[in-house]
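Please read the structure below before turning to the comments.
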Amino acid sequence: MWQLECLFLLLIQIFQSIPTEEVPYWADVVLGFRKMTKDELKKFPQHVFGHAFTTLKCEGPAYLPWLQKRVKGNGGLILTRRIEDLWELHPSFDIVVNCSGLGSRQLAGDSKIFPVRGQVLKVQAPWVKHFIRDSSGLTYIYPGVSNVTLGGTRQKGDWNLSPDAEISKEILSRCCALEPSLRGAYDLREKVGLRPTRPSVRLEKELLAQDSRRLPVVHHYGHGSGGIAMHWGTALEATRLVNECVQVLRTPAPKSKL
């Protein structure tokens, strides 16, 4: 099943100047990390240094339904409803895991979370076989199963979900400078999303109290652009926190000595 959700491909990362850290701290984590050769760099005349390694890309449109299927297969029930306050879930649910992303500005009163707008192009260019990105992380070419993603933008505090035609032209121009064959790409589609960003991921317990009511909440949001990269590890930590909440709920209240 995994072949439908992930692609393992060569990633080329290029620099216009030699970085201070020629071998990054994560070099031994990825597969086959190496410095690019002079012959390889000839394809990128505006760049003088590069990394090459094998990495993977999760295909969200296939991967997320696969995760949802696993939840259902393990007895999970998926409900869809709109809420404006976490207390609306009490007393129907004993513990709440808050994964509401930008919605946590309202649901959790968290002013630290903000959107970082991303605009990309989805194009047909089946001849592109490698990931390519520049050192800024803003210009990238990511082939997938059904299309190639060209990016991108990182616009802090921008809530606009409508594509900007001028930005699309700029993205295409930047990507064509790295991979000239993209001038022949076709079926261009614009996509916009908001990354739920925070100074740090919020992953912690909170006990909400209102009169005599108590509602344990595990907050799990603020991953920014690293959601797929971090999701499995932070989900395991959120599960541990939920288990702690369960143990507290199962512990009998101390009897009064009066």
Next on the checklist: With Kirkwood's inverse mean 1/r over C-alpha pairs for Rh, give me the Rg to Rh ratio of the range 53-109, two decimals please.
Outcome noted: 1.09
Checklist outcome for this item: The ³J(HN,Hα) series, computed from each phi in the range 171-180 with the Karplus coefficients 6.51, -1.76 and 1.60 at θ = phi - 60°, rounded to the nearest Hz and given as x for glycine or proline, is 4, 4, 5, 4, 6, 5, 5, 8, 9, x
Next on the checklist: Pick from 130, 51, 90 the residue whose mean-square fluctuation is largest in a GNM of the chain, springs joining Cα atoms under 10 Å.
Outcome noted: 90
Checklist entry - For the range 1-68, what is the charge dipole size about the Cα centre, in debye to the nearest 20, if Lys and Arg each add +1 at the Cβ and Asp and Glu each add -1 at the Cβ? => result 240 debye
Item to check | Exceeding the 21 Å Cα-Cα cut-off - candidates 35/122; 122/169; 35/169; 169/191; 35/129 | outcome: 35/122; 35/169
Next on the checklist: Given the -39500 (n - 2.57) contribution per DSSP H run of 4+ residues, what per-residue ellipticity at 222 nm results for the chain, rounded to the nearest 500 deg cm²/dmol?
Outcome noted: -7000 deg cm²/dmol
Checklist entry - To the nearest whole percent, what portion of all C-alpha pairs in the range 164-258 is separated by more than 22 angstrom? => result 59 percent
Checklist outcome for this item: What the Cα atoms of the range 93-209 span along the principal axes, largest first and in whole Å, is 60, 27, 26
Item to check | Cα centre as origin, Lys/Arg/Asp/Glu Cβ charges: the range 73-231 dipole, Debye | outcome: 300 debye
Checklist entry - Which value, in Å³ per residue, describes the convex hull spanned by the Cα atoms of the range 1-103? => result 204 Å³
Item to check | Calculated FRET efficiency for the pair residue 66/residue 34, C-beta based, R₀ 45 Å, to 0.05 | outcome: 0.90
Item to check | Largest-first principal axis extents of the Cα set of the chain (Å) | outcome: 84, 40, 37
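Taken together, the values in this text are just the output of simple stated rules run on the coordinates, not laboratory data. What you see is a predicted model; the values in this text were computed from it and never measured. Here the Cβ is made from the backbone with ideal geometry for all residues, glycine too, and neighbour counts use every protein chain on show.
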